[in-house]
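Heads up: the structure comes next, in structure tokens.
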Amino acid sequence: MTTSKIRLWTAASLTLVPTLILVLARFAWGDRLPETVASHWSGSTPDGFSTTTTFFAIALVISLVAVVCACVVAARSSDNAPLFLAVTSISSATLATIWILSVALTIDAGSPEAARIGWWILAPIAAVLVGVLAYALPDQQRSGPESPLPTPTLDTPLTASERAVWVGQVRSVWPWIVTAGLVVLVIATAAYSDWWVAVILGVSTLAVTAFASVTVRVDRHGVGISSWGVRWKKIPISKVKSASVDAIRPAEWGGWGYRMTPRGTAVTLRSGEAIVVNLESGRLFAVTVDHPEDGVKLINSLVQAG
């Protein structure tokens, strides 16, 4: 087995380990398990309770599904493996932490009503660090030195009075996977905090879905980026020096989504072809999109037409 494979399966094991700890904790407590546990707090005081066995069953089923997904991702060794493994590991680690913490606090207090969470509220949030480790473990290859890219234009130059529009689109499945992981985190946070914390995380979860489908529009006004019909990024043609087609990898731009790096800004939904805009400021703006060639030609023609 190669080093990269070992690192990939090690990252996948971070989904399995919390699941095993969950099961071991269940057997270790044995007959000491309370019938009901405190499962929701308002501040440090519990205001919600769950049946221990039902709570355990839900946590175990979701964790096992995450383990299966992690194994499939590791076996396929796709470019998106680090992101997927981060989601699966966060899911299992968060659920295991929540159940174990709920039981431990209830047993320690003697009754669900007397349980107090205090600073232990940080434990489920700290489970996110497992996802960070799962993301960082697999090898994320980077390309070699960059070479100059061509700046193609339309076969027939545009005149000052002509108008042209190009629209491209790209869809990706990873935002839905991230959303699923965030939903678990929202539920976990709601169980240990006030409702407004869950609302904030819920809004953040909704924002992630914006990257499930991105539309790129090029016209005489510039390059526009939109999701679900709402434009949220606009680069005027006056600020564009040139554009080119390049094959990029999310790892080269800091990951998936909207990324800001020293070299420039990128909207990366997947690995593959992208429109790379060279701005007058010297920075780059890249957006992955299907069949970007005609879009790049139009951008350069609009720049030349002034």
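Which order do Glu273, Glu35, Glu280 take when ranked by solvent-accessible area (1.4 Å probe, heavy atoms of all protein chains), largest first? List each step's numbers first, then the result.
Values: Glu273 80, Glu35 155, Glu280 115 Å².
If we order Glu273, Glu35, Glu280 from most to least accessible, we get Glu35, Glu280, Glu273.
Work out the length of the dipole vector of the chain about its Cα centre, built from +1 on the beta-carbon of each Lys and Arg and -1 on the beta-carbon of each Asp and Glu, and round it to the nearest 20 debye. Mind dumping the intermediate values first?
On the way: 22 positive and 19 negative charges, 118 e Å.
For the chain, the charge dipole is close to 560 debye.
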#### Entry: Nearest-ten-degree value, helix 174-192 long axis tilted from longest Cα axis of the chain
30 degrees
### Query
Once the whole set of protein chains is in place, how much accessible area is left on Arg32, using a 1.4 Å probe, in Å² to the nearest 10?
150 Å²
### Query
Given charges of +1 on the Cβ of Lys and Arg and -1 on the Cβ of Asp and Glu, with all other atoms neutral, how large is the dipole of the range 1-104 about its Cα centre, in debye to the nearest 20?
380 debye
#### Entry: Gained length - Leu279 relative to Ala164, 0.36 nm times residue gap less alpha-carbon distance
39.3 nm
### Query
Helix 195-208 versus the longest principal axis of the chain: what angle, 0 to 90°, nearest 10, using Cα atoms?
30 degrees
### Per residue accessible area of the range 47-95, 1.4 Å probe, in Å²
41 Å²
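Using a 1.4 angstrom probe with every protein chain in place, what is the largest-first accessible-area order of His291, His40? Write down the numbers at each step before the final one.
Values: His291 145, His40 55 Å².
My answer, sorted largest first, is His291, His40.
Would you mind telling me the share, in percent, of accessible area of the chain contributed by carbon and sulfur at probe 1.4 angstrom?
Carbon and sulfur together cover 63 percent of it.
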## Note on the structure
For the range 220-269, the charge dipole (Cβ of Lys, Arg +1; Cβ of Asp, Glu -1; about the Cα centre) points to a positive end, and the Cα of Gly255, Val245, Ile235 closest to that extreme belongs to Ile235
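The values are calculated or read from the model by the stated rules, or taken from the named source; none is laboratory data. The shown structure was predicted, so the numbers you read here are calculated from the model rather than taken from an experiment. Glycine gets a Cβ as well: all are built from the backbone with ideal geometry, and neighbour counts include every protein chain shown. Just the protein is used for accessible areas: all its heavy atoms, side chains included, with ligands, DNA and RNA removed. Shrake-Rupley method; radii C 1.70, N 1.55, O 1.52, S 1.80 Å.
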